[in-house]
Amino acid sequence: MNNHKFEIHAQDYLAKGYSVIPDKFRGKIPAIKGWSEYCDRKPTKEEVEQWCNSLTESNISIALGEASGVIAVDVDTEDNAILELIRKHLQPSPYEKVGSKGFTRFYRYTRETTQIFKHNKSVLFELLSTGKKSTLPPSVHPNGMQYTWSGDSLDSVKPGELPVLAPFNLSNLFSMIRAKFPEAEDAGHGSFTTNGRNDALVSMCGKLISQKKSADEVIRELVEFDKAQHAPPYFTDPEEFKHIDAFTNALSMYAYQLDRINQIHHRKNEEYETPRLASAINTEYDKAVEEGKSQRVESEKKLSAIELPSAQGVIKIIQQNILDNAWIKQPDLAMSAALGLMSALCSRKFIFGNLSPNLYLLNISPSGSGKDAPQQMVKRYLSDIGAEHLLGSGDYVSDASLMDHLGGNPVRLDILDEAGGILKTVTSGKSEYNGKMADVLCELYTSSNSKYLGRTTAEGNKGSCNRPNVCILASTTPTGFSEGVTKSALDKGLLGRFLTFFGDGDSPAKRLRTFPRIDSETRNVLKELATYRPEVNYELTIGGIEQEVTALNASEKAHLLLDSIFTEFDNMRRESDKDDPMLPITSRLYQQMVKIAILSAISRIGVTAQIEVEDIEFAKSLILYYHSNMTEAVNTLVYTNYSEKSYADILKLIPRVGTKGISKQSLSQKTRHLGKRKRDELITELMETGEITGDIRVKDDRRTFYYWRIK
C-alpha cells in the first residue's frame, strides 16, 4: 500500500491552483521546515519533486491563505448540542472534511485573518487563514482513522469557485451559542482571540506569574500541563523550537511573558513582576511592597533620576520670576519658558559653530497643573520691553501661515497652547497638507543660518528669506502628546527638534498675595538684547550678501570639552539600535546642547559673551536631563500603533483589585470606539497575560461579569 499521500495527490491540487505541502504520515506535523512560507507562495516544481523523492510516506496538507486562496472553518467540539447548532447555522460549503471529531469547511480567501472562538474555556471552532494549514483527505489521522470528504473533494474546484464566507456568520453564530448555552460560574467569560496553538500555555503562564509562583514552579507546571494536554507536546515540537528540551523552551516562554508584562507595567509606572527566585531579591521586593514603597510611588515623583540643572544669569532670574508668579510651581516649565524668551531675543543675532540659538520647546503637563502660566509670563516680558513684534502665531492653520510673513518678520516666537491637536495633524502625515506642515517646520529649524526658499505660488515665491529664526514655545497634556505622537512619527525627525520638558500634575497650588515683576537691571538686559543690532559679518554671506550677525568665541578649555562631548554623543548615536525610536532625538543632542550653551553665555555676560566651560557643563546637564525624561516619555506615552494605545485606553478604565470592578457592559459602552471585535481581542489578551481578571457576581438574581486590574 502506497502511504505517500502527498506524492499521489499533490499534482491534482497544484493543477487547480492550490499550495499544498507534505505532512508526516499519521500526523499533523509538517514534514518540511519553514512550511508557513507556502501560505504566501506556491511551491516550485523542483521543491515538489524533492519532497516526493525524499519522503517514503506522508500525509498532505493545504497551506491556507493568499497562496491557495482558501480559508477553513475547523469545528472542534465534542458537545453534541453545540455541534448540532453549529452544523445548522454555519454557512454551508460543499467542500467539507470530516475527521475523528467535528468537521472542517472550506471557503474562498478574501483577506480574512485567523481567529479562535472559545466558550467556557473550550475551543468551539476556528477560522484558519494565512499562517495555518489543514490536513486533507485521504491523509491518516494519528489515531489511524482516515480523513474523508462528506461532499465534493476540494481538488474538484478552483479557488475562485469556492463560496465566500459571509462576514458576520461566525460572530453571529458565536453570539447565538453563548446566548443559548450560558457560561459556567467557574469558567470565566467566553473569549474571542487570535492566538495560535500555544494559547492555553500563554494564558496559564500569565496566571502563574500573577499568582507570584516561583520561576521553577511556573516552568514545571507549564511542562506538565503541556504533556497532559497536547499531542505532541508544544515544548518538544521541533517545528516550533530549534531544539526539543521542554524545560529550556518553557523557560523561554516564561521569560518572554514576564518581559511582556513588565513592559506594560513600566509604561504605566507600576511595580514590576520580579522573577520569583530563591534569593534576596524577592525578600527586598516583598518588604518594599508591604511598606508601601512600590516602584510606582517612587517613579511618580520624577520622570528622570537626573536633577534639573540650575542656570545662571538672566535665564535663572526669569525662571525664578515665573515661579514667583505661578499658583502652581513648575520649575521645568519655567526653565523652558526662560529658554524660549532668550531664544527669541538672541536668534538671528548670534551664532556659534554655524548654529543659531533658535529653539523648539514643548511643555507637557496634565490639565490644571499651570502649564500655560509660563507662556503668559513670556508674553508679559516681551510686552514690558517693547518687543511684542517678536510674538508670532498662536496656532498653525496651514503651511502658508508658517511661511508667508517670514520676509518681513524672520524672527518670531510662536506660543502654542494645547498643541496636542497640532502635533497630531503635523506628525500624522495622512495628507499632503499634514506632510507639508512637518516638512516646513523641519526646514525652518535647519535654515536658521542659511537661505529659506519658501513656497512657489501663482503670484511668485512667498516666504523666501535669509536666515529665518522661528522659535516655538508649545504646551500640551500627556494625553495630547500620546494621541499626537506615535513611534513612527518620531522617525520623521520633527520631535527630535523639540526640547521637551515635563510638569508635575501633583504639585500643590498656593495662593499668591503679590505678583513681583523682574528687577530693572534684568529688564534693561532684555531690552538690550531686543534692540541689539550686530555688525556686518564679512565671513558670512548668503547670495553674495554679508549678514549682520555676531559670531561668538569659546575659550580653549571650552573647545576641548566640546570635542569630548561631541564624541560622547556621537557614540550614543552609533551605539543605538537602528529601530530605536529615540534615535532621531539622540542624533540631535549635540546640536541642541550648543544652542543652549550660546544662550547660557549670553545670559551670564550679555552681548559681549564668550562661551566658557560652565556654559557647556550647564548645557550638557540640561540635555542629558531632557534625554532621560524623553526616553521615559517614549516608553510610557508614545505607542507603536493603534493597538498598543488601545490596550492602555482599556486598562485606564479598569479599577484595581480590591475596589468595585467595572462591568462588562459598562466597559463596552466606554470603549465603543474600538468596536466589539477589537475590544474582545484586547480584553482576552489582557486576561491571558494576567494583567486583568474577571468574575461573575450575582446580585438580586442578576448575573453580571466584572473586570479588575491585577496588582
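Readers should treat all values here as calculations from the given coordinates under stated rules, not as data from a laboratory. Keep in mind that what you see is a predicted model, and the values were worked out from it rather than measured. Cβ coordinates were reconstructed from backbone atoms using ideal geometry, including for glycine residues, and neighbour counts include every protein chain displayed.
To the nearest 20 debye, what is the magnitude of the charge dipole of the stretch 5-182 about its Cα centre, counting +1 on the Cβ of each Lys and Arg and -1 on the Cβ of each Asp and Glu?
Values: 23 positive and 21 negative charges, 103 e Å.
Charge dipole, the stretch 5-182, about its Cα centre: 500 debye, nearest 20.
Taking the Cβ of each residue in F247, F352, F618 as the centre, tally the other Cβ atoms inside 10 Å and list the residues starting with the fewest.
Going from sparsest to densest Cβ surroundings: F247, F352, F618.
Can you tell me the orientation of helix 556-575 relative to the chain, as the angle in degrees between its alpha-carbon axis and the longest Cα principal axis, to the nearest 10?
10 degrees
So for the stretch 5-182, Kirkwood radius off the Cα pairs, Stokes-Einstein at 37 °C and 0.692 mPa s: how many µm² s⁻¹? Don't jump to the answer; show the numbers that get you there.
Values: Rh = 16.6 Å.
Estimated diffusion coefficient is 198 µm²/s.
Considering the dipole of the chain built from charges on the beta carbon (Lys and Arg +1, Asp and Glu -1) around the Cα centre, which of S36, H673, L165 is farthest to its positive end?
H673
Compute the acute angle (0 to 90°) between the alpha-carbon long axis of helix 373-384 and the principal axis of greatest extent of the alpha-carbon atoms of the chain; round to the nearest 10°.
Result, in degrees: 30.
Given R₀ = 25 Å, FRET efficiency for M145-F181 by Cβ-Cβ distance, to 0.05? Walk me through the intermediate numbers first.
Working: r = 28 Å, r/R0 = 1.12.
The pair M145/F181 has a calculated efficiency of 0.35.
If R₀ is 56 angstrom, what is the calculated FRET efficiency for the pair Q50 and S666, using the beta carbon separation as r and rounding to 0.05? Kindly include the intermediate steps, with their values, before the conclusion.
On the way: r = 58 Å, r/R0 = 1.04.
So the FRET efficiency works out to roughly 0.45.
Can you tell me how much longer the chain between V698 and K462 gets when fully stretched, taken as 0.36 nm per residue apart minus their C-alpha distance, in nm with one decimal? Write down the numbers at each step before the final one.
Numbers: separation 236, 0.36 × 236 = 84.96 nm, distance 6.98 nm.
Stretched fully, the V698-K462 segment lengthens by 78.0 nm.
Taking the chain as the reference, fit the longest principal axis to its C-alpha atoms, fit the long axis of helix 199-210 to the helix C-alpha atoms, and give the angle between the two in degrees, 0 to 90, nearest 10.
Computed tilt is about 50 degrees.
Tell me, H9, H673 in order of fewest to most beta-carbon neighbours within 10 Å? Could the numbers behind the result be given before it?
Details: H9 20, H673 9.
With the sparsest Cβ surroundings first, the list reads H673, H9.
Which one, L406, P94, L499, projects farthest toward the positive side of the charge dipole computed for the chain from Cβ point charges (K/R +1, D/E -1)?
P94
Starting from the eigenvalues of the Cα gyration tensor, five times each then square-rooted, give me the equivalent ellipsoid semi-axes of the chain, largest first, whole Å. Intermediate results must be reported in sequence, preceding the final value.
Details: eigenvalues 751, 187, 117 Å².
The answer is 61, 31, 24 Å, longest axis first.
Out of all DSSP beta bridges with both ends in the chain, state the antiparallel percent to the nearest 5.
Values: 55 of 80 bridges.
Among the beta bridges of the chain, antiparallel pairing accounts for roughly 70 percent.
How big, on average over all directions, is the shadow cast by the Cα convex hull of the stretch 96-175, in nm²?
Numbers: hull surface 25.0 nm².
The directionally averaged projection comes out at 6.3 nm².
Quote the charge dipole size of the stretch 653-709 about the Cα centre in Debye, to the nearest 20; the model charges only the Cβ of Lys and Arg (+1) and of Asp and Glu (-1).
Numbers: 14 positive and 8 negative charges, 67 e Å.
Roughly 320 debye, rounded to the nearest 20.
Taking the Cα centre of the chain as origin and charging only Cβ (+1 Lys, Arg; -1 Asp, Glu), how large is the dipole, in debye to the nearest 20? Write out the running numbers ahead of the final one.
Numbers: 89 positive and 94 negative charges, 368 e Å.
In total the dipole reaches around 1760 debye.
Between Rg and the Kirkwood Rh of the stretch 653-709, both from Cα atoms, what is the Rg to Rh ratio? Kindly include the intermediate steps, with their values, before the conclusion.
Numbers: Rg = 11.4 Å, Rh = 11.8 Å.
In the stretch 653-709, Rg relative to Rh is 0.97.
For the stretch 313-550, which semi-axes, largest first and in whole Å, follow from the square roots of 5 times the eigenvalues of its Cα gyration tensor? Please report the intermediate quantities before stating the final value.
Working: eigenvalues 171, 124, 37 Å².
Three semi-axes, in Å: 29, 25, 14.
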